[in-house]
Structure formats: structure tokens, C-alpha cells
Amino acid sequence: MQQPIYYSRNEYIETDTGNKVSRKAIIAGPQNIILGGKTIISNGAIIRGDLRRTGSGHTVVISLGRYCLIGEGCIMRPPYKTYRGNFNYYPMKVGDHVHIGAGTVVEAATIGNNVEIGKNCVIGKFCIIKDCAKIEDNTILPPNTVVPALAIFRGSPGRFVEELSESTPERVEAMTKQYYNRFVPMQDQ
Amino acid sequence: MSAASLKIYCPCLNPNSLPPPPNLPSSSYSYHEIHDLYFCEECDSIRCNRCVSVEVSGYYCPNCLFEVPSASVRGEKNRCARNCFLCPSCKNTLIVVPSDPPESADGRISSINTLGDPPFFLYCSHCRWDSAEVGITFEKPTSLANQLQKYEDSAPDNLEFERLKEHFEPFIRASSASSSVTHHLHTAQHIHSNPITAAASDALSRDVPGVSKYNPLSRSRVGRDKANRDEMPEYRSRMDVSLTGSDSANVENLLRIESPEEIATLEQRWINSWTSSVLTNDLKPLRIPLHSKKSKRCPTCRHILIKPEQKPQSVRFKIKISATSYLPLMGISLPFLNNPTTAAYTAKRSIRPGAMWEEDKNSTPNNPVMVGGRTYPFVLSFTNPMYDPIQIRLNVLRSPLPTITTTAPTDELGTAPQPEKRRPPFAITLPTFTFSVAAFAEAWEYDDEDGDGMIEDEYADLVDDRRHASASSRTAPGRGGKTKTVGVLEKKANTTYIGGEVVIGKEAKGDIKFLMMVTFTYRNDTVDDMDIGEEDGDGDGSPVRTTNPQSSSLANANKQPEIRTFSYYVVVDLGKIAQKSGEGSVDERR
Ligand SMILES: [Zn+2]
Ligand SMILES: [Zn+2]
Ligand SMILES: [Zn+2]
Ligand SMILES: [Zn+2]
């Protein structure tokens, strides 16, 4: 039984490719953000597409894949560093079927496919999270942390806890699809 | 959110064993999520991580992600020999920084900067530990493990280990020939070890020829080997253990400290294999321990269940025989409990599945709970992964066990506890008839493309279903036959929804957990798939129980398809019974 998760119809904008973006989310620099389709950006989320590499022209700052969920109050901000004396932002790439819990701050460089990130986490600058990894609630990943595929990380600083089951790819894919299908507008009165 | 869950019992090589009482904490080791289980087609049996045999199929560093060839794992002492180090203080990964590192705006050193001036040192971006403070610096920012080799080689634990190895070498060489024979014997009977022991003993027996695999059954060997062992000369350690880490030095250190942080915590010193200084300043960076990829086999027939791809970060498997391809995927929900919006929604449609919920004082819209003395419906879903339809029957086990844990030690009358006279804390009603679940078809997959219509249908069927399914279902008692909660609620694609009901006793407490036997029958088109099943079948996780009809039809032409049955136990956890208001808080819910 798939219980619906209701939202008020006028609270979310649905795009042609099925992305659902809250009107109460802050999408800065939308021209620099790519959403893969069927991705949900919840209330209060902040996505900083405006923090782009210096220079002119079009550039992708943050890209999200299909069936992602950016939870309530999440902050997605591209990582930055000073290299050869020049301060710069670097792009952030997030794969398909990635769920990020409420209140989490993400400054990762790359997040693979089928990744679950819990609530109230801090994913530090230039972190690399490989496919099917899981970050538990309230975990702090310091900058440059590498999370291998199918690993669970927990704590502050986040450390390896154990390995996930071999069927995680299918499980997470089904879970994210189901979540998207359950996320429906409340019927009009 | 709902705490409801379903877990499957793995008999772990003991096919006739009954599952342990689900409400005992110790039983958690016997019940598993379906996603954590494997299925051996040869043995027609569920396998779990506690009973499969595990073999290491490759090593990699969890930080730099480089694959480490098995040949060099031993020489490198199972740790990364590149530039990967753990902070000795907080176990975060260290980064290499030059002297006078450029600080970023927030005051943290944020990147591995290979430019800059020597000396280089290791730095923790979490706790700010830095190796220069403990006197470790590097001339160049690469091959750090190499540069640290001199520290490692001269460490007392390392010297002692080398000495031990030297001591045992002659003995190992002498006995390696004879033990390679026993080694094979042991592989065959090596059945009962957990993955960690198995991996460790596999590695050990490969690398150290004289050491046989750990096997609880083979303790008797010790007697036979005793004579051999007596010939070994006595080992004398490099130094007297009682003299290392003398207390007087510690006392001196303690007298001088100014803050408790100067003493390393037990956790920080725990992984040292040698008595070491208690001072934080003496902690050394640690090379990162390697991780491994593992293959898994059926412990009985040795068929391979999991075989990972070589590439360290690949999440694909050459073989993956997951239980999800064989057993129906089950889901559970308490529709009027977890989702207040749903309750409002159904109320609006005046379905009213029982007037008893709506005035529940303990159950505020944001905090729905179950309380004693009431009846709640629940829904089980069964999704068929196979290309043939299946028939399922459920059988709730009415075990005497709830009386053990859920009743107070003395009842109101103060009579001696008599388990059989006590009323069970709750009663479960589920349909006892057989129901069908349609076959999996690739087309169902497209369902998620066309949106949300299904959700409404489910609730519409609560009413409509009565028309066409009345023969096989009944209405809940004391309900006036208005709506149906027990029976087949809906069939959609390859999923069937079954309604059940729990009646909670007035004084009941604790978890609502019950055991249920799930029996399903399916048609097996092959005469005997034991012979046809090839060892390394495709393991891409797709439904594979139905073998290829073309190949089997020739051999099978005159035979009727065989009907097969498979039974297994599932523990259903509906959540906690909340205490009634006035009796205490309702905090126990979680
Ligand atoms: Zn088992
Ligand atoms: Zn490494
Ligand atoms: Zn640290
Ligand atoms: Zn087997």
C-alpha cells in the first residue's frame, strides 16, 4: 500500500520533466542548475547555483539527477578553494536516486547514484560519495572525505560503520521512485 | 512515521528449527530484511549473512579507492601504502599540507595543496591535529607511507612481529606440505563461521601455509599436532613485557599535564598493538586499513550466491542471487495511524473504517498512536517478482509467548501467575484462504510513469471490493458490515493488498509483534531444475525462478508443470502500544 504524501497544489511548481520545486525553496542562479527530472526540491531548501566559477558564459554549478529529493531546509552549495592564489567555486554533481534528509548542508564535489543522506548532516567541501553509500542522520563529513560504494558512514567525524547489502541498488531505486509517486497534490476541496 | 516492519526468519542450516520468540531482544539475529537475504536455488532455501561462506575476492583502500593486489596486501600489513592516513586523535582522514598553508576564508585548510614549501605535514581538517606537533614532517608531499617506513620499521610492535615470524618460519616451512592436504578437507566442511572470521581465516590460511582455517569442528586436530609442536624451541620476546610502559614514566607525565586533553583517551590508544605512551602528543598517524570485496557461497552446496565485479567501486555483481528474486516482496502499513492526512482524506470520502479511531484522545493528528482496548486495521502488500502467478496462504502463529513479556508480574488479585489463563495482549485477524498475486511483467514497470491514480483506487476498493470478493472475505466484528478491513483489499499489477486487523487488549503493553508463516505455491516448468541450473547463472537481480521455457520444453514435453511450494516465517511488527493517558506518558511509543 503506497500511502500518499500530500502537498498543497499551489505550493509546488511542476516542470515538464516532472520536477517538483517548492515555491518556498530558494533557487539562486537557476540558469546554472540542472535537474534531471522527477526530482523534488522541498520547502525551505536553498540551492546556490549563483556561486559559480569566475569568468563569463554559461556554466553548470549544481546538477542533480533523476528521482532525487532535497529535503526541507537543505542547503546545496558548491565547494570552493583557493588554488594558486585564486579563489574559486567548483561544480557539484549529484547522481540519480539520491535522497537528502531535512536540514542537511551539502558542499560535496560528487555524489553517486542511489545514495541516501540522512537529516541534519554536514557533507563538507569536496567530499566524494560513491554509489549506493548511506550517510546516517546527524553525521559530519569533514572536507575531502571519501565514502566508498555500499558503505555506511556515521558520527562526527563520519566514519565507516559497515557495508550495505548487495541489493542496495535495487532497493534505493525502488524507494526513490515510490517516494516520487506518493508525493501528490492534495485534492481540491 | 510508522515503526511497522517485516522481517524474515533464516533457519541458518537448521531447516526444521522453529523461529525464536520475536519479542526477545536476542532474536533479532535470526530475522532479516528481505534485501539482506540470499536464496540458494539448489537447496531451495533462504540464506543470510550469518550462514553463507565468505571469501575475499579483492582488496582496496577506502580512501584513495585503489585496488591492492592480494600479493602485496601481506607485505603492506593490510593497510594502504599510498598517502592515506587516519588522524590518531579522531580517525578522520588526514590531508597533506605544505608549511604555512594558505588558509581559506573560514580559517580551515581546505585542500590538498601539493604546491608550497617543504617541509610538508599531515593535518586533520576535523580536529586540527597536525603531524608537525609530534615531530613528523615530510620532504615531499608524495609517497608518504614510504617516508614513514623508518618510523614503522623501528616500532617495538613491528620488531616483535618480525621476530615472531622468524621464529615460526622453519616450523611453517616444514609443515606446509602436509597441511595443504588438510586445508582442502577443511574448506569442504568449513560451514559455520561468520563472514569476518571466514575472511580472516581465508586470508590467514592462504598467506601462512601452516595455519589451517578456523573451524569449530576441527578442535580435535590439536591433539594430533601436539607432538609436532613440542619440537619447537621456546620463544623469547625481544624485551620483557613487564618492563615496557613503566608506571613511573606515566606518573611523571601525569604530574606535568595541565589539561586532561594531554592524555590520550582509551579509544585513541585502543588500536595500538603495543603498550604505548599515554600522552596525546605521542599518538602517531595510522595507515588506513584496507577494505575487501567479498564473494559469498551457499554453506551447504557451495554454489556461489554473490560474486562482485573486480573494479573496486562498482556496485554491479557478476552473480547476485538475492532473495528478492524468489520471495514476494512484502510491505506493511497502518493506513489510519501513520498518515493523518490519509485519515482526513478517507474521512472526507466517508469511508469511515471504524468509528473507534476518530475520537481517540491519545492520537492527535501529528502523533497517531495505538492504545489498548481498541481495534486497528493494517494492510500487507505482496509483490510477485516471478514471471508466473503465485498463490499465497498466511498462517498466524498463535504462540504462548506474549504472556511472558507483556503481562505484569502479579495481576490484580495477586494470584500466582498462570500463563495459560492470561489473555493474550492482542489478537490478529488475517484471511486464512489462499489468494493469488499476478505475475511480474516488464510492462508493470511503466506504471510509475503515469502518475498517481493508484492511490485513490486503493481506498475506493475498500468499499467496492465487497461486491466481487464477498465470498472470500468477511467484515470485521462489531462493525455493522459497513466496510471491509479483513480480506483481499485490492489487486493491482503484480501486487495484492491484504487487509488484517489487530484487537488490542485493554491492559496490553509492549510491542505488537507476531509470527506468520507465509506459504506460496508456484508452477515450475522444468522437470528438475537441479540439473539444469548452471552454477554461474546471470545474477543481475531480475526474476530468475522461472527457467527458460524453450530450453526445458523439449525435455518436458510430456510432463505436466510441477507445482512447488515454499514456506517461510515472517515476523510482523506493528509498533508499540501506547500507555493510556492518566497511566503515564505516551513517550514510550518510539
Ligand atoms: Zn542464515
Ligand atoms: Zn589509500
Ligand atoms: Zn582529527
Ligand atoms: Zn545451496
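The values are calculated or read from the model by the stated rules, or taken from the named source; none is laboratory data. Note that this is a predicted model, so its numbers are computed, not measured. FYI the Cβ positions are ideal-geometry reconstructions off the backbone, even for glycines, and counts take in every protein chain you see. Surface accessibility is based on the protein's heavy atoms, side chains included, excluding ligands, DNA and RNA. Shrake-Rupley method; radii C 1.70, N 1.55, O 1.52, S 1.80 Å.
Worth a mention:
- Residue B:371 long-range amide H proximity, modeled H, under 5 Å: B:578
- Result for chain A in a Gaussian network model with C-alpha springs under 10 Å: among A:16, A:137, A:50, the largest mean-square fluctuation is at A:16.
- Interface burial in region A:1-25 reaches 30 Å² or more for A:1, A:2, A:3, A:4, A:6, comparing the full protein assembly with the chain by itself; accessible area from heavy atoms with a 1.4 Å probe.
- Within the accessible area of region A:5-184 (1.4 Å probe), percent carbon and sulfur: 49
- The mean accessible area for residues of region A:5-184, using a 1.4 Å probe and ignoring ligands and nucleic acids, is 40 Å² per residue.
- When chains B and A come together, the accessible area they lose, probed at 1.4 Å and totalled over both chains, is close to 4300 Å².
- Under 5 Å from the amide H of residue B:293 lie the amide H atoms of B:57, B:58, B:59, B:60, each residue being 5 or more positions distant or on a separate chain, with H modelled from the backbone and absent for Pro and chain starts.
- Virtual spin-label span in nm between residue B:42 and residue B:29, 7 Å along Cα→Cβ: 2.6
- Shown for region B:14-58: residues covered by the partner protein chains by 50 Å² or more of accessible area relative to the chain by itself (probe radius 1.4 Å), namely B:35.
- Relative contact order (%) - region A:5-184, alpha-carbon pairs under 8 angstrom, separation at least six: 14
- Label sites at residue B:143 and residue B:391, each approximated as a point 7 angstrom past Cα along Cα to Cβ, lie 7.2 nm apart.
- Rounded if a/c under 1.5, otherwise prolate or oblate - region A:5-184, Cα gyration tensor axes: oblate
- Gaussian network model of chain A, springs between alpha carbon atoms under 10 Å - residue of A:82, A:168, A:176 with greatest fluctuation: A:82
- If you plug the beta carbon distance of residue B:70 and residue B:165 into 1/(1 + (r/R0)^6) with R0 = 25 Å, you get a FRET efficiency near 0.85.
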